[in-house]
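Peer 1: Here's a structure for you.
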Amino acid sequence: MVCEKDPLVQKITDLYDQISTLDSLKPSKDVNMLFTQLVLTCMPPTHIDVTKLCKKVQQMRSKLIRLCGEAEGLLETHFSTILASYDNPLHHLNIFPYYTNYLKLSQLEFNILTKHCSNVPNKVAFVGSGPLPLTSIVLASFHLKTTSFHNYDIDPSAKSKALRLVSSDPDLSRRMFFHTTDIMDVTNGLKEYDVVFLAALVGMDKDEKVRVVEHLAKYMNPGAVLMLRSAHGARGFLYPVVDPCDLRGFQVLSIFHPNDEVINSVIIARKFPMPKHCSAEHPVGPLKLPNKCFDIDMLNPLLNHVNLMEELDIEDQLS
């Protein structure tokens, strides 16, 4: 059990105390400084397992993740507004301070996807795209150049801001679509997508995340791919951690833990085939493969933090 006396937890708690007293989380000198310190504190490999924190630290972590989510949304809104002032917004994406991170994360996700999918996806859904849908933009621009991207967000302003970024581009304006819809209200429409990306901040705690995953498992097409963003080690103070054992109805294929400035881990899973006697309205109970619930620390980054990423390939584990 990890408690507040742990030096790393003490440092993170101190930063949380400072962040939680800010008048606003909109980009500013103080906000940028504190969140930069927080990210740098949480990035290095660590012994901490955020699922084994004492109750007090766990409560602080939950509040901190929500503050990080709010600040991230405000940061994206700020830069989306600036980008929209250009005649060709997509030519100036590098003004966003974390654009390089998105390039690396999108390359990583594309590599993972191509390893496990033999065909280029025709239609992709991105759930929780926000006002600055960089993952969709980067994947559509550089990797999946014939794929259509359907971006979902519950915030109407996110849709309008994102639309302004791609409307002047003759290619992406034809392949990028935006929906102001709660994904929990999308049912049979999910069957249209070959791949569904689930943003890290969709489902801010375990119960919310599980509900979303169960909904996707109910309505996604059998054989379709789900890509989720998670976090590992102290990075779990910044983003929710996805437990592979909670991906019921999916076969987990691989888990990747980057060790560089790319914060999010990536999980790729495939929707199980639906048994003949079942339907989306009357699904079977939780589906699991043997040995599916494993100790993810078997590839602890402390063992090999020189590499760009650590990969746990479940298919190899089961073979």
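The values are calculated or read from the model by the stated rules, or taken from the named source; none is laboratory data. Nothing here was measured: the structure is a model prediction, and the numbers come from that model. Cβ coordinates were reconstructed from backbone atoms using ideal geometry, including for glycine residues, and neighbour counts include every protein chain displayed. To get the accessible areas, we keep the full protein, side chains included, count just its heavy atoms, and leave off ligands, DNA and RNA. Shrake-Rupley method; radii C 1.70, N 1.55, O 1.52, S 1.80 Å.
Peer 1: Between the range 86-156 and the range 183-237, what is the C-alpha centre distance in whole Å?
Peer 2: Using only Cα atoms, the two centres lie 16 Å from each other.
Peer 1: OK, next. Let me check against my output: what whole-number percent is the relative contact order of the range 1-273, with C-alpha pairs under 8 Å and at least 6 apart? If you can, show how the numbers build up before the last one.
Peer 2: Numbers: 450 pairs, mean separation 51.6, N = 273.
Once normalised by length, the contact order is 19 percent.
Peer 1: Of all alpha-carbon pairs in the range 1-43, indicate the percentage at a distance above 17 angstrom.
Peer 2: Working: 293 of 903 pairs.
So the portion of pairs separated by more than 17 Å is 32 percent.
Peer 1: Next up: What ³J(HN,Hα) values, in whole Hz, does the Karplus curve 6.51 cos²θ - 1.76 cosθ + 1.60 give for the range 185-196 when θ = phi - 60°, with x put for Gly and Pro?
Peer 2: 9, 9, 10, 5, x, 5, 5, 6, 9, 6, 9, 10
Peer 1: Give me the three principal axis extents of the range 63-184 from the C-alpha atoms, as integers in angstrom, largest value leading.
Peer 2: Projected onto the principal axes, the Cα atoms of the range 63-184 cover 38, 38, 29 Å.
Peer 1: Which shape class, rounded, prolate or oblate, goes with the range 112-264 when its Cα gyration tensor gives a ≥ b ≥ c as root eigenvalues, a/c under 1.5 marks rounded, and past that a/b bigger than b/c marks prolate?
Peer 2: It comes out rounded by the Cα gyration axes.
Peer 1: Once the Cβ-Cβ distance between Leu90 and His116 is put in as r, and R0 is 41 Å, what FRET efficiency do you end up with, to the nearest 0.05? Kindly include the intermediate steps, with their values, before the conclusion.
Peer 2: On the way: r = 29 Å, r/R0 = 0.70.
FRET efficiency, Leu90 to His116: 0.90.
Peer 1: For the range 1-273, what does the convex hull of the Cα positions come to per residue, in cubic angstrom?
Peer 2: Working: hull volume 32.9 nm³, N = 273.
Looking at the range 1-273, the number lands at 121 Å³ per residue.
Peer 1: Which whole-Hz couplings ³J(HN,Hα) result when phi for each residue of the range 39-52 is put into the Karplus expression 6.51 cos²θ - 1.76 cosθ + 1.60, θ = phi - 60°, listed in order with x for Gly and Pro?
Peer 2: 4, 5, 5, 8, 5, x, x, 8, 7, 6, 10, 5, 7, 10
Peer 1: Further, regarding this structure: In nanometres, what is the gap between the two model label sites at Thr36 and Arg174, each 7 Å from Cα along Cα-to-Cβ?
Peer 2: 4.2 nm
Peer 1: How big is the charge dipole of the range 3-159 about its Cα centre, in debye rounded to the nearest 20, if each Lys and Arg gets +1 on its Cβ and each Asp and Glu gets -1 on its Cβ?
Peer 2: Working: 15 positive and 14 negative charges, 89 e Å.
That gives the range 3-159 a dipole magnitude of about 420 debye.
Peer 1: From the phi of every residue in the range 258-265, what ³J(HN,Hα) in whole Hz does the Karplus formula 6.51 cos²θ - 1.76 cosθ + 1.60 yield, where θ is phi - 60° and glycine or proline is x?
Peer 2: x, 10, 10, 6, 6, 7, 7, 6
Peer 1: Then there's this: Given H placed on each backbone N at 1.01 Å, which residues far from Ser230 in sequence or on other chains put an amide H within less than 5 Å of it?
Peer 2: The list, which skips near neighbours in sequence, is Ser265, Val266, Ile267.
Peer 1: Report, to the nearest whole %, how much of the accessible area of the range 1-273 belongs to carbon and sulfur atoms, 1.4 Å probe, protein only. Before the final figure, lay out the partial values.
Peer 2: Numbers: 6150 of 11730 Å².
Here it works out to 52 percent.
Peer 1: I would also like to ask the following. To the nearest 20 debye, what charge dipole does the range 1-273 have about its Cα centre, counting +1 at the Cβ of each Lys and Arg and -1 at the Cβ of each Asp and Glu?
Peer 2: The calculated dipole for the range 1-273 is roughly 500 debye.
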